[in-house]
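Structure first, then comments.
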Amino acid sequence: MLIAVDPGHGGKDPGAVVGDYKEKDINLNIALKIRDILVKENISVIMTRDKDETVDLQQRCDIANKSKADYFISIHCNSFTDPSANGTETYAYPRSLAGRNLAQYVQNEIVEMLKTTNRGVKYESFYVLKHTVMPAILVETAFMSNPQNLDLLLQKPDAFAQGIANGTIKFLKSVNYKQTDDIEKLQMKGIIDKHYDPKSYVTWGEFASVILKILGGR
Ligand SMILES: [Zn+2]
């Protein structure tokens, strides 16, 4: 399992700027903490940047695609002209079922952890969601333009990271449970004859036997 973690902006692109605070720094701080939590859980992580450097959107996608990451998580802060706008929202690529599910788990856990306003899961063809080949989400953690939200981002980066990591871990477990369940259903139907680890490989011989059984050949 390999997760690509993408701290939004960086280098000459600060992202949102409020007073002395730049979005690129907040994103990186949270993203590095996510990496540390996931690595402790034996989940491999590749970062699209791990310091303050300029990385364009295609480079970010290339890093994830070339490393064959299983999922892509982009970390951002929101900003709006009206300072009353606040809360957390998570984006997935339109019609990506796995992306939607991952986004929902992550969204729920952040809101649970930080008690931010739940703005829900949304769908957009953002560049990094569109040009990554794996299921991808973009997290708008909270609004830098809202004073209370900015306080949370500055005071509780660990809680944001923990929420995003918890959501990711719960999502991965749910995928594993679902696949184990699917394997058991095939076993009960007699299409496969033993219990397989959902992540183990299938040989051509096993694959041929399964197809023959489905076709009623033996
Ligand atoms: Zn951003």
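The values are calculated or read from the model by the stated rules, or taken from the named source; none is laboratory data. All values reported here derive from a predicted model rather than from experimental measurement. Virtual Cβ from ideal backbone geometry, glycine too; neighbours counted across all protein chains shown. Each accessible area value is taken on the protein alone, full model and side chains, heavy atoms only, with ligands, DNA and RNA left out. Shrake-Rupley method; radii C 1.70, N 1.55, O 1.52, S 1.80 Å.
Based on every Cα atom in the chain, Rg and the maximum pairwise Cα distance Dmax equal 19.9, 72 Å.
Protein heavy-atom accessible surface, 1.4 Å probe, per residue over segment 2-173: 46 Å².
Exactly which GluC sites (Glu not before Pro) in segment 85-133 are in a DSSP loop and have at most 13 other Cβ atoms within 10 Å? Intermediate values should be presented prior to the final figure.
Values: sites: 89, 109, 112, 124; in loops: 124.
The qualifying sites are 124.
Rounded to a whole number, what % of the accessible area of segment 2-173 do carbon and sulfur atoms account for, probe 1.4 Å? It would help to have the intermediate numbers written out before the result.
Values: 3830 of 7870 Å².
Carbon with sulfur: 49 percent of the solvent-accessible area.
Computed from Cα positions, the angle between helix 157-188 and the longest principal axis of the chain comes to roughly 10 degrees. Here is the list for segment 1-67: trypsin sites (Lys or Arg not before Pro) lying in DSSP coil, each with at most 12 other C-beta atoms within 10 angstrom of its C-beta, are 12, 51. For segment 150-201, chymotrypsin sites (Phe, Trp or Tyr not before Pro) meeting the loop criterion (DSSP other than H, G, I, E, B) and having at most 13 other Cβ atoms within 10 Å: 201.
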